[in-house]
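See below for the structure under consideration.
The values are calculated or read from the model by the stated rules, or taken from the named source; none is laboratory data. Treat the numbers as computed from the prediction; the structure is a model and nothing was measured. Cβ coordinates were reconstructed from backbone atoms using ideal geometry, including for glycine residues, and neighbour counts include every protein chain displayed. Accessible surface is based on the protein model in full, side chains and every heavy atom, while ligands, DNA and RNA are left aside. Shrake-Rupley method; radii C 1.70, N 1.55, O 1.52, S 1.80 Å.
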Number of protein chains: 2
Amino acid sequence: MSDLTALETPAALIDLARMQHNIDRMQARMTALGVRFRPHVKTSKCVPVAKAQQAAGAQGITVSTLKEATQFFANGFTDILYAVGMVPAKLPQALALRRQGCDLKIITDSVASASAIAAFGHEQGELFEVWIEIDSDGHRSGIKPDDAVLLDVARTVHEGGQKLGGVMTHAGGSYDFDTLDALVAMAEQERAGCVRAAERIRAAGLPCAVVSVGSTPTALSAVRLEGVTEVRAGVYVFFDLVMHNIGVCETSDIALTVLTTVIGHQSEKGWAIVDAGWMAMSRDRGTQKQKHDFGYGQVCSVDGEVLPGYVVSGANQEHGIVSLQGSVDVDIASRFPVGSQLRILPNHACATGAQFPVYQALDATGAVTEWPRFYGW
Amino acid sequence: MSDLTALETPAALIDLARMQHNIDRMQARMTALGVRFRPHVKTSKCVPVAKAQQAAGAQGITVSTLKEATQFFANGFTDILYAVGMVPAKLPQALALRRQGCDLKIITDSVASASAIAAFGHEQGELFEVWIEIDSDGHRSGIKPDDAVLLDVARTVHEGGQKLGGVMTHAGGSYDFDTLDALVAMAEQERAGCVRAAERIRAAGLPCAVVSVGSTPTALSAVRLEGVTEVRAGVYVFFDLVMHNIGVCETSDIALTVLTTVIGHQSEKGWAIVDAGWMAMSRDRGTQKQKHDFGYGQVCSVDGEVLPGYVVSGANQEHGIVSLQGSVDVDIASRFPVGSQLRILPNHACATGAQFPVYQALDATGAVTEWPRFYGW
């Protein structure tokens, strides 16, 4: 393993071998299921990561902000789905991207938003490609597959002179399950709901070429994807402890860790204090309500080996408290001396990555390369 | 009020009148108590904010990372306390700052760390000013005031040829209280513990000029500060919902809000979907265990008026769910139409601010100025 002691801590490390394994696993699954794969780059916000996904066979990317769209377009990505409901104030930025040659797709789930898109497109002489967001699991946005308003929105787009490109859904509700049966059922619910919406649109004589579904848990659990044309997923590229608890990865698949340094101890409490607080780990406590609560993260040796039972049990802004779950390790000061390094598996890779301006990409030879990432809006 | 519709959302707004009121309130209190005030700039990581604190009478700043130290020093701040335990790997960066003329103070709470500082200082011919961290409330780092190791550490610094500058403590445990009596008692515990440590060091014939205490709740509750030379506090500059629940501010004092746009609805559930998800609000759920749980934030009109009962009840990365606590507002789509703007009071200003590359500073005339902030390490 490389000499990580040269890195300033806290640092966000990507284990490139694990990342590539995760990319290959997902792409192979999508290819076998006969669908295109459009990774959600909100997880990494990092060009080299998205290029690795593209090299493995991904077609297009999904973004969560127009800043991501702008940055990835500037780095050669053209087929981009902006997967957050479009509002009037953001249309000029979307227009500017399209005018520069970006094949940006936007989404809507209301007549109000669809009308605004159509009016702006007409006024500007632009043909926006619009997909309709479908609510397949009740967890967030979208139109229910059988809701009458679906066809109102579809007609508003199509008859408003815009390109009705398809339908998309995200079964984020899959995060609430942790058995294969439940995940398979949720994947089928996601598929069936989105396909049903597409069929209703087509039956009304309107176009609906794309049927786009996905979340990491459902993408890795689906057994059939008839009627689906593409799948989207984001966090699979790094995985994290939430995904581990859901049951779609092992801890040994988690490619993102936070490198940290021990800065002190409270030995009688069994605490080692590290320089990865919540600013580094993020405030995400996604495993809190799951079957295994990892606090702010699972502690590993600097070589990446899980140290069972040791977690970041508490966090201040720049201080993390490392302790043994269920008992007091009175030898913690000798086990993890001041100045020694540890690595922490995060609860939620999207949230933890977002705390860092750069990743440290660690290859199999131990060499480390700095990979910048975007943030903000 | 200004026309905020020109701002891209989500955006982090600072209400400058509120911020100045908060700065003046704290400074007046510290002056009345006869102590210097050293604001913790980890909350804002923003030069104009720290300059406003300095202009009001603050003496020196506190930082949580060496990057903050570097950035603030580059912007004219010289008296800087780095208030996280020093480790060997960070000494070269501290040295570089001192060699450039930065009056950087560093802290330690162990013989191991103190020895490393002394050895490095000796080797480099540098006289580091070192303060000893005291544990006044058991919540994190530091040496207990009566612990024998206190004098070992003090001697290691002093006899190791470094400058023993003083003692410092942070009663972060004050965040667990919400009555004035409890806060006054915690402030006294913080004061007494730190003063006790200083007296022991002096009684051993060692220097201990500075006695530095503080947290926002204790700084705003202390009734006497005999023996204390300076106080530190950070979040008071913006305040937030956690501080409101603790009882040290009103919601009308909270100077930081997130400006957001309504992007859709699930009317039958009483949900408005906004573009401030957890990436904007942060994952901080600091009010979850307090007397009033505000979800991911309290909703206000675009003019900043609290809309009672409306909170961000759920959050995905770029989606927030706004709903009425305790009932379903079936009229939410007409109340908050697609494209309309709202402002959200955050749980924790330090965490929410950190999600944004810039603040939008809103003055009394309604003019908005972009104020950059630092992030990362």
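When you scan region A:153-186, how many residues do you find that are within 14 Å of chain B (Cβ to nearest Cβ) and of a type in the set (D, E, K, R)?
Selection size over region A:153-186: 1.
Can you confirm whether A:PHE177 is among the aromatic types (Phe, Trp, Tyr) and closer than 16 Å to A:ILE106 by Cα?
no
May I ask you to list the residues in region B:134-145 that are within 11 Å of another protein chain (Cβ to nearest Cβ) and either within 18 Å of B:ILE201 (Cα to Cα) or free of Cβ contacts under 8 Å to residues at least 24 places away in the same chain (or both)?
If the condition is that a residue be within 11 Å of another protein chain (Cβ to nearest Cβ) and either within 18 Å of B:ILE201 (Cα to Cα) or free of Cβ contacts under 8 Å to residues at least 24 places away in the same chain (or both), then B:ASP135, B:GLY142, B:ILE143, B:LYS144 are the ones that fit.
For every residue, the table says whether it meets (1) out of contact with any strand residue (DSSP E or B) (no Cβ under 7 Å at 6 or more places or on another chain); (2) of a type in the set (Asp, Glu).
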| position | (1), (2) |
| --- | --- |
| B:ALA204 | yes, no |
| B:ALA222 | yes, no |
| B:GLU226 | yes, yes |
| B:PHE238 | no, no |
| B:ASN245 | yes, no |
| B:THR251 | no, no |
| B:ILE263 | no, no |
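May I ask you to say which residue of A:ARG224, A:ARG191 is under 24 Å from B:ASN316 (Cα atoms) and open to solvent by 10 Å² or more (accessible area, probe 1.4 Å)? Walk me through it before giving the result.
Values: A:ARG224 fails: under 24 Å from B:ASN316 (Cα atoms).
Within the list A:ARG224, A:ARG191, the selection yields A:ARG191.
Residue pairs, Cβ under 8 Å, 6 or more apart or interchain, first in region A:60-80 and farther than 21 Å from B:HIS319 by Cα, second of a type in the set (S, T, N, Q) and open to solvent by 20 Å² or more (accessible area, probe 1.4 Å). List them.
As it stands, the answer is A:PHE73/A:GLN100; A:PHE77/A:GLN54; A:ASP79/A:GLN59, since those pairs meet every condition given.
For residues that are within 14 Å of another protein chain (Cβ to nearest Cβ) and open to solvent by less than 10 Å² (accessible area, probe 1.4 Å), scanning just region B:70-82, find the one that is nearest to B:SER212 (Cα to Cα). Break it down stepwise before answering.
Taking region B:70-82 as the starting set, the residues that turn out to be within 14 Å of another protein chain (Cβ to nearest Cβ) are B:70-71, B:81-82.
Now narrow it down to the ones that are open to solvent by less than 10 Å² (accessible area, probe 1.4 Å): B:81-82.
Numbers: B:LEU81: 10, B:TYR82: 13 Å.
Checked region B:70-82; the qualifying residue nearest to B:SER212 (Cα to Cα) is B:LEU81.
Hey, among A:GLY270, A:GLY339, which residue is facing another protein chain (nearest Cβ under 10 Å) and at pLDDT 95 or above?
On the way: A:GLY270 fails: facing another protein chain (nearest Cβ under 10 Å).
Unique residue meeting the criteria: A:GLY339.
Just to verify a result, which residue in region B:100-124, among those that are within 11 Å of another protein chain (Cβ to nearest Cβ) and surrounded by fewer than 19 Cβ atoms within 10 Å (Cβ to Cβ), is nearest to the chain's Cα centre (by Cα)?
It comes out as B:VAL111.
Would region A:91-99 turn up any residue that is under 23 Å from B:ASN316 (Cα atoms) and open to solvent by less than 30 Å² (accessible area, probe 1.4 Å)?
Looking for residues that are under 23 Å from B:ASN316 (Cα atoms) and open to solvent by less than 30 Å² (accessible area, probe 1.4 Å), one finds at least one in region A:91-99, hence yes.
Mind counting the residues in region B:275-293 that are among the β-branched types (Val, Ile, Thr) and away from every other protein chain (no Cβ under 14 Å)?
Result for region B:275-293: 0.
Would you mind stating whether A:ALA28 is among the hydrophobic types (A, V, I, L, M, F, W, C) and over 30 Å from A:ALA94 (Cβ atoms)? Spell out how you get there, then give the answer.
Details: among the hydrophobic types (A, V, I, L, M, F, W, C): yes; over 30 Å from A:ALA94 (Cβ atoms): yes.
In short, yes.
Answer yes or no as to whether A:GLY314 is over 24 Å from B:VAL235 (Cα atoms) and either open to solvent by 40 Å² or more (accessible area, probe 1.4 Å) or out of contact with any Phe, Trp or Tyr (no Cβ under 6 Å at 6 or more places or on another chain) (or both).
Values: over 24 Å from B:VAL235 (Cα atoms): no; either open to solvent by 40 Å² or more (accessible area, probe 1.4 Å) or out of contact with any Phe, Trp or Tyr (no Cβ under 6 Å at 6 or more places or on another chain) (or both): yes.
So A:GLY314 fails the test.
Go through (1) within 30 Å of B:THR65 (Cα to Cα); (2) within 14 Å of chain A (Cβ to nearest Cβ); (3) in contact with a Pro (Cβ under 9 Å, 6 or more places away or on another chain); (4) aliphatic (A, V, I, L, M) and name the single condition B:ILE344 misses.
(2)
Does A:PHE37 satisfy the criteria of being touching a residue at least 24 places away in the same chain (Cβ under 8 Å), over 16 Å from the mean Cα position of the chain (by Cα) and either over 26 Å from A:GLY376 (Cβ atoms) or more than 14 Å from every other protein chain (Cβ to nearest Cβ) (or both)?
Numbers: touching a residue at least 24 places away in the same chain (Cβ under 8 Å): yes; over 16 Å from the mean Cα position of the chain (by Cα): no; either over 26 Å from A:GLY376 (Cβ atoms) or more than 14 Å from every other protein chain (Cβ to nearest Cβ) (or both): yes.
Against the criterion (touching a residue at least 24 places away in the same chain (Cβ under 8 Å), over 16 Å from the mean Cα position of the chain (by Cα) and either over 26 Å from A:GLY376 (Cβ atoms) or more than 14 Å from every other protein chain (Cβ to nearest Cβ) (or both)), A:PHE37 does not qualify.
Sort through B:GLN298, B:GLN288, B:GLN266 and tell me the only one that's over 16 Å from the mean Cα position of the chain (by Cα), buried (at least 24 other Cβ atoms within 10 Å of the Cβ) and not hydroxyl-bearing (Ser, Thr, Tyr). Break it down stepwise before answering.
Numbers: B:GLN288 fails: buried (at least 24 other Cβ atoms within 10 Å of the Cβ); B:GLN266 fails: buried (at least 24 other Cβ atoms within 10 Å of the Cβ).
Just one listed residue meets the conditions, B:GLN298.
Out of the residues in region B:1-11 that are out of contact with any Ser or Thr (no Cβ under 7 Å at 6 or more places or on another chain) and buried (at least 18 other Cβ atoms within 10 Å of the Cβ), which is farthest from the other protein chains (Cβ to nearest Cβ)? Spell out how you get there, then give the answer.
At the first step, the residues of region B:1-11 found to be out of contact with any Ser or Thr (no Cβ under 7 Å at 6 or more places or on another chain) are B:1-8, B:11.
In the following step, the residues that additionally are buried (at least 18 other Cβ atoms within 10 Å of the Cβ) were identified as B:4, B:7, B:11.
Working: B:LEU4: 11, B:LEU7: 9, B:ALA11: 7 Å.
Among those that are out of contact with any Ser or Thr (no Cβ under 7 Å at 6 or more places or on another chain) and buried (at least 18 other Cβ atoms within 10 Å of the Cβ), it is B:LEU4.
So which residues in region B:317-350 are open to solvent by 40 Å² or more (accessible area, probe 1.4 Å) and either touching a residue at least 24 places away in the same chain (Cβ under 8 Å) or of a type outside the set (Ser, Thr, Tyr) (or both), if there are any at all?
In the first step, residues of region B:317-350 are kept if they are open to solvent by 40 Å² or more (accessible area, probe 1.4 Å); the result is B:324-328, B:330-331, B:334-335, B:337.
Once the filter is applied, which keeps residues that are open to solvent by 40 Å² or more (accessible area, probe 1.4 Å) and either touching a residue at least 24 places away in the same chain (Cβ under 8 Å) or of a type outside the set (Ser, Thr, Tyr) (or both), region B:317-350 yields B:LEU324, B:GLN325, B:GLY326, B:SER327, B:VAL328, B:VAL330, B:ASP331, B:ARG335, B:PRO337.
Looking at (1) open to solvent by less than 30 Å² (accessible area, probe 1.4 Å); (2) more than 10 Å from chain B (Cβ to nearest Cβ); (3) over 26 Å from A:CYS46 (Cα atoms); (4) among the aliphatic types (A, V, I, L, M), which is the one condition that is false for A:ALA148?
With (1) open to solvent by less than 30 Å² (accessible area, probe 1.4 Å); (2) more than 10 Å from chain B (Cβ to nearest Cβ); (3) over 26 Å from A:CYS46 (Cα atoms); (4) among the aliphatic types (A, V, I, L, M) applied to A:ALA148, the lone miss is (1).
State all residues of region B:352-377 that are under 19 Å from B:GLY320 (Cβ atoms) and either free of Cβ contacts under 8 Å to residues at least 60 places away in the same chain or touching a Lys or Arg at 6+ places or on another chain (Cβ under 8 Å) (or both); if no residue qualifies, say none.
Filtering region B:352-377 down to residues under 19 Å from B:GLY320 (Cβ atoms) leaves B:352-356, B:360.
B:GLY353, B:ALA354, B:PHE356 - these are the residues of region B:352-377 that are under 19 Å from B:GLY320 (Cβ atoms) and either free of Cβ contacts under 8 Å to residues at least 60 places away in the same chain or touching a Lys or Arg at 6+ places or on another chain (Cβ under 8 Å) (or both).
For residues that are small (Gly, Ala, Ser) and in a loop (DSSP other than H, G, I, E, B), tally how many sit in region A:1-28.
Of the residues in that region, 1 qualify.
Would you check which residues across region A:357-376 are surrounded by fewer than 24 Cβ atoms within 10 Å (Cβ to Cβ) and within 14 Å of chain B (Cβ to nearest Cβ) and list them?
At the first step, the residues of region A:357-376 found to be surrounded by fewer than 24 Cβ atoms within 10 Å (Cβ to Cβ) are A:357-358, A:360-361, A:363-376.
Residues satisfying the conditions are A:PRO357, A:VAL358, A:GLN360, A:GLU370, A:TRP371, A:PRO372, A:ARG373, A:PHE374, A:TYR375, A:GLY376.
Go through the residues of region A:125-133 one by one and say whether even a single one is at pLDDT 95 or above, open to solvent by 50 Å² or more (accessible area, probe 1.4 Å) and more than 13 Å from chain B (Cβ to nearest Cβ). Steps first, please.
From region A:125-133, those at pLDDT 95 or above are A:125-133; that's our starting set.
Then drop every residue that is not open to solvent by 50 Å² or more (accessible area, probe 1.4 Å), which leaves A:125, A:127.
Remaining after also requiring more than 13 Å from chain B (Cβ to nearest Cβ): A:125, A:127.
Yes, region A:125-133 has at least one match.
Quick grid of which residues meet (1) facing chain B (nearest Cβ under 9 Å); (2) farther than 16 Å from A:PHE239 by Cα:
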{"residue": "A:GLY295", "(1), (2)": "no, yes"}
{"residue": "A:GLY304", "(1), (2)": "no, no"}
{"residue": "A:VAL322", "(1), (2)": "no, yes"}
{"residue": "A:ALA333", "(1), (2)": "yes, yes"}
{"residue": "A:HIS348", "(1), (2)": "yes, no"}
